[in-house]
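In what follows, a single structure is set out as structure tokens and then discussed.
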Amino acid sequence: MVRHFLKDTDLNPQEQARVLDLAAAMKANRYGYKPLAGPQTVAVIFDKTSTRTRFSFHAGVAELGGNPLIVNPGEAQLGHKESICDTAQVISRMVSTIVWRTYSQSGLEEMARYSRVPVINALSDDYHPCQILADLLTIREHLGQLAGKTVTYLGDAANNMANSYLLGCATAGMHVRIAGPEGYLPAPAIAQEAQQRAAETGGSVLVTTDMDQALSGADVIITDTWVSMGQEDEKEARTRIFAPYTVDAKAMAQAAPGAIFLHCLPAYRGYEVTADVIDGPQSLVFDEAENRLHAQKALMTFLLVESGLAEDRRTALPSVALTLNEEK
Ligand code: CP
Ligand code: NVA
């Protein structure tokens with residue numbers, strides 16, 4: 001069965017931990033593993049703009065011995081002249097993985113349905129699961145473990161990042177707190193799915209409008225832009241609505257001593273976070289950005305191995321990847 005990564009819960013807790021282990025191994029030996037030798041091509045398709053996702057997938061595929069094929073917004077027939085179904089059937093005969101940043105989650109699901117190779121969500125309106133893998137790697141590097149740690153996300157609690165923190169951090173056994181204004185909280189179905197995951201892993205989920213409750217004693221404080229891609233027309237109203245949820249020094253002081261600050265970037269200083277916090281000693285945003293590269297290299301490798309599409313290239317894999325199939 002071909003494995004895809006369309007949202008955070010597409011990896012079970014054990015699989016997520018294995019991907020993070022693999023990412024750490026690949027980070028420690030950056031140019032040492034070539035599972036995409038051939039070179040195999042990875043299509044990286046953008047319907048929205050990007051810096052981190054574009055650079056990290058391009059560099060990551062090349063580092064794995066593969067050939068990155070970056071398709072910028074509007075460059076393919078997909079989306080205006082050709083259906084997702086036909087596109088998937090054509091390109092998945094030519095590439096070994098399809099990475100897609102787009103608007104609709106159902107579009108990604110359709111791509112996966114008709115693809116012969118793994119499909120990876122590189123951000124949709126609903127989820128940004130690759131970013132969460134990078135964040136988890138960063139948290140693990142700095143706090144030593146994930147299970148039992150408390151992560152608090154403040155601001156637009158109805159966006160793709162909030163949804164992915166709910167699912168991804170609950171999968172890691174963390175205590176996830178999501179705080180935002182009324183009307184901008186996660187859909188109940190997503191909070192419920194996170195709660196189910198948390199029940200399996202020993203984590204917990206709190207969705208609240210109460211910023212103080214969310215911040216109290218947290219190990220990790222996170223925010224994201226108040227105006228996601230596609231919401232530019234709402235900028236003025238959103239700036240007003242989310243203003244009370246700014247992460248500033250006072251908010252950081254409510255967290256645990258030694259708490260870390262994360263932001264997926266791009267960041268808007270003076271809006272969702274003050275400059276003294278994001279540029280201060282608790283901020284790990286550039287480690288977090290770098291970890292996109294390592295986490296995605298591991299994810300691509302994991303999906304190919306688990307899909308049975310990397311069998312003949314096993315010698316090019318780190319030992320932690322070699323054990324993936326056997327451990328099931
Ligand atoms: N964090 C993130 O996905 O950044 P880009 O939009 O620049 O890819
Ligand atoms: N929520 C943001 C994340 C950017 C990486 C957006 O969708 O624009």
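Values for this structure:
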read-out: Residue in the stretch 158-167 that is aliphatic (A, V, I, L, M) and farther than 21 Å from residue 291 by Cβ present; value: yes
read-out: Failed condition for residue 54, given (1) within 16 Å of ligand 1 (Cβ to nearest atom); (2) in a loop (DSSP other than H, G, I, E, B); (3) basic (Lys, Arg); value: (2)
read-out: Pairs where the first residue, in the stretch 182-206, is on the phi > 0 side of the Ramachandran plot and touching a residue at least 40 places away in the same chain (Cβ under 8 Å) and the second is of a type outside the set (A, V, I, L, M, F, W, C) and outside any helix (DSSP H, G or I), C-beta under 6 Å, 6+ apart; value: 202/173
read-out: Condition check for residue 124: surrounded by 16 or more Cβ atoms within 10 Å (Cβ to Cβ) and of a type in the set (Gly, Ala, Ser); value: yes
read-out: Single residue of the stretch 197-248 satisfying the filter (within 16 Å of ligand 2 (Cβ to nearest atom) and among the aliphatic types (A, V, I, L, M)) that is surrounded by the fewest Cβ atoms within 10 Å (Cβ to Cβ); value: 229
read-out: Conditions (1) away from ligand 1 (no atom under 16 Å from the Cβ); (2) surrounded by 15 or more Cβ atoms within 10 Å (Cβ to Cβ); (3) at pLDDT 95 or above: number failed by residue 34; value: (3)
read-out: Long-range neighbours under 6 Å by Cβ, at least six apart or interchain, first residue part of a loop (DSSP other than H, G, I, E, B) and buried (at least 24 other Cβ atoms within 10 Å of the Cβ) within the stretch 1-30, second of a type outside the set (Gly, Ala, Ser) and at pLDDT 95 or above; value: 7/127; 7/129
read-out: Residue within the stretch 258-267 that is in contact with a Phe, Trp or Tyr (Cβ under 6 Å, 6 or more places away or on another chain) and under 26 Å from residue 149 (Cβ atoms) present; value: no
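The values are calculated or read from the model by the stated rules, or taken from the named source; none is laboratory data. Model, not experiment: these values are computed from the prediction. A quick note on method: Cβ atoms are made from the backbone with ideal geometry, for glycine too, and the neighbour counts reach across all protein chains shown.
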